[in-house]
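Undergrad: Handing you this structure, nothing more for now.
The values are calculated or read from the model by the stated rules, or taken from the named source; none is laboratory data. Owing to the predicted nature of the structure, the values given are computational and were not obtained by experimental measurement. Glycine also receives a Cβ, built like all others from the backbone with ideal geometry; neighbour counts cover every protein chain displayed. When the accessible area is computed, the model is the full protein with side chains, heavy atoms only, and any ligands, DNA or RNA have been set aside. Shrake-Rupley method; radii C 1.70, N 1.55, O 1.52, S 1.80 Å.
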Amino acid sequence: MHHAALSGFPGWLLAALCAAVGAYCLLRVRTGPRAERAEMTGDALMGFGMAVMAPPSLMAVLPGWSGAVFGIVFGGVGLAALTFPRPLHQRLHHSVGALAMVYMAFAMPTGGHGSGTAHGAHMAGLGVPVLTGALLAYFAVYVLYTGATLVAAGPVDVPGAVPRSGVLLSRACRVAMAVAMLTMLAAL
């Protein structure tokens, strides 16, 4: 379960990574191109939400109803992601990430209870391993594909070329969040 795999230092390290990604995305909301602001806002929410969900000791002190709040918030993020003025594959990626957050919000234990919310306990008997496996496969493919495109992109800024460091850093942040998502899903 979640507590065994991410207890102690690994969970807090993952939380720090997610919080740093969330902070960078929030900075990009203020300084980045106007067309990316909605997408970056969603990424910032995902980063901060994952930072809260990563350490089991933090989830254990949250009230039992907090899973439902996370579910509602990230359900809204997923629906909003479908309206981003971006290509379909980017909108779908954000929606799948939000779906994974909703799933984890209901599956993770909160408030000192071992089985999560009542809905999370109900979900556990309805093929959760299949959904977990599908989400793990999706994020693994995303990390490998996007990571390969980052490597193929070469140096961040070449003298005389159009600067693209913001775009590549945004992709790198999404890869970091996808790796964190893989870790958290594997720990369920």
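Undergrad: Scan Ala118, Ala107, Ala98 and give me the residue that is of a type in the set (Gly, Ala, Ser) and modelled with pLDDT of 90 or more.
TA: Values: Ala118 fails: modelled with pLDDT of 90 or more; Ala107 fails: modelled with pLDDT of 90 or more.
So the residue among Ala118, Ala107, Ala98 that is of a type in the set (Gly, Ala, Ser) and modelled with pLDDT of 90 or more is Ala98.
Undergrad: On to the next question. Restricting the first residue to segment 18-47 and requiring it to be more than 15 Å from Ala172 (Cα to Cα), which pairs with a second residue that is not in a helix (DSSP H, G or I) meet a Cβ separation below 7 Å and a spacing of at least six or different chains?
TA: As it stands, the answer is Ala35/Pro85; Ala38/Phe84, since those pairs meet every condition given.
Undergrad: Pull up segment 31-55, narrow it to residues that are of a type in the set (Gly, Ala, Ser) and within 16 Å of Gly97 (Cα to Cα), then point me to the one that is surrounded by the fewest Cβ atoms within 10 Å (Cβ to Cβ).
TA: The extreme case among them is Ala38.
Undergrad: If you take the residues of segment 68-91 that are surrounded by fewer than 16 Cβ atoms within 10 Å (Cβ to Cβ) and closer than 18 Å to Phe139 by Cα, which of them is farthest from the chain's Cα centre (by Cα)?
TA: Per the stated criteria, the residue is Leu88.
Undergrad: Mind checking whether some residue in segment 58-67 is within 16 Å of the chain's Cα centre (by Cα), open to solvent by 20 Å² or more (accessible area, probe 1.4 Å) and among the aromatic types (Phe, Trp, Tyr)?
TA: no
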